[in-house]
1. Could you give the length gained on full extension between Asn268 and Arg89, defined as 0.36 nm per residue of separation minus the Cα-Cα distance, in nm?
2. Return the calculated 222 nm mean residue ellipticity for the chain, to the nearest 500 deg cm²/dmol, obtained by summing -39500 (n - 2.57) across DSSP H runs with n ≥ 4 and dividing by the residue count.
3. What distance in nm lies between label points placed 7 Å from Cα along the C-beta direction at Lys31 and Thr157?
4. Can you give the Rg/Rh ratio of region 1-134, where Rg is from the C-alpha atoms and Rh is the Kirkwood radius?
5. Find the accessible area per residue for the chain; the probe is 1.4 Å, ligands and nucleic acids are left out, and the unit is Å².
6. Given C-alpha coordinates of the chain, what is the ratio Rg to Rh with the Kirkwood estimate of Rh?
7. On average over all directions, what projected area in square nanometres does region 110-268 have, based on the convex hull of its Cα atoms?
8. Across region 58-75, in residue order, what do the Karplus-derived ³J(HN,Hα) couplings come to in whole Hz, using 6.51 cos²θ - 1.76 cosθ + 1.60 with θ = phi - 60° and x for Gly and Pro?
Amino acid sequence: MPIFMDRHFLEGTTAADVAQAHRMDLDIQDKYGVKFLTYWFDQRRGTAFCLVDAPDAETAQCVHREAHGFVAGEIVEVALSAVEAFLGRIHDPDPAPGQSSSDVDPGHRAILFTDIVGSTAMTSRLGDRIATEMVRAHDAIVRRCLSQNSGREVKHTGDGIMAAFAATTAAVACAMAIQQEFERYNGGNTEPIHIRIGVDCGEPVEDSNDLFGSTVQLAARLCAAASSDQILVSENIFREYGTADLFAHATRRRFKGFSKPMLVFRCNWENAGLH
């Protein structure tokens, strides 16, 4: 059966309320031949997301309607591999010792892209073997920084990496650490590697039919728009991060796939004191 993720608008609802609603779904799911796998709840934003194995979207909605009446506002078909890559799980987690019902993963993620600047020209100049070694060096540095900043690699893009973070602060810290690491790497190598980074954040189900669709798209657009050795972040990141001193040079830019100009900030990683 296909897998669906839905989005509920539950402003004013508590984590305990959502946990009870999830249990009510589980109580009657067999009647409809569906299986509710897990859920995420973002109390600050008033949104919940359910992952369900169901024959179709309407059947999943029927369970919600009968169990508790919290019908989803949006529902999209997803791949379990993508859910696990972005969100880190596809089943209800075992509660940690002392964990309360309020400690629910909100499902909000920051998405980061890296890209090697001039990778095509680098391959032409150095040849496939050396260029491949350069990509491996990039991968090793980025993956080390991801590991140190609780990042999860979603996929390799050929000349870059897409990663997800549960915390916006961790994504920004990782982006800065990556640029700092490449600055150190380039100081001791005759063939430097220069990269650009883009970061956005958002919810798993928004206004598209893809998991983190608009968030992934904007993060990729920001990465492509960044100059060599630069980090560009979205207005969402700027607002979520909470420290404006780190960001500067706000400009509005038009990106393919977005109807309105987007406010873009440059991250001042060079002055972040990470050396």
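1. Result: 61.1 nm gained on full extension.
2. Rounded to the nearest 500, it is -12500 deg cm²/dmol.
3. According to this spin-label approximation, the distance is 4.7 nm.
4. Checking Rg against Rh, the ratio lands at 1.18.
5. 47
6. Reported Rg/Rh (Cα atoms, Kirkwood Rh): 1.03.
7. Its average projected convex-hull area is 9.3 nm².
8. 5, 5, 4, 5, 4, 5, 4, 4, 7, 6, 8, x, 7, 7, 5, x, 9, 8
The values are calculated or read from the model by the stated rules, or taken from the named source; none is laboratory data. Owing to the predicted nature of the structure, the values given are computational and were not obtained by experimental measurement. Backbone-built Cβ (ideal geometry, glycine too); neighbour counts: all protein chains shown. Just the protein is used for accessible areas: all its heavy atoms, side chains included, with ligands, DNA and RNA removed. Shrake-Rupley method; radii C 1.70, N 1.55, O 1.52, S 1.80 Å.
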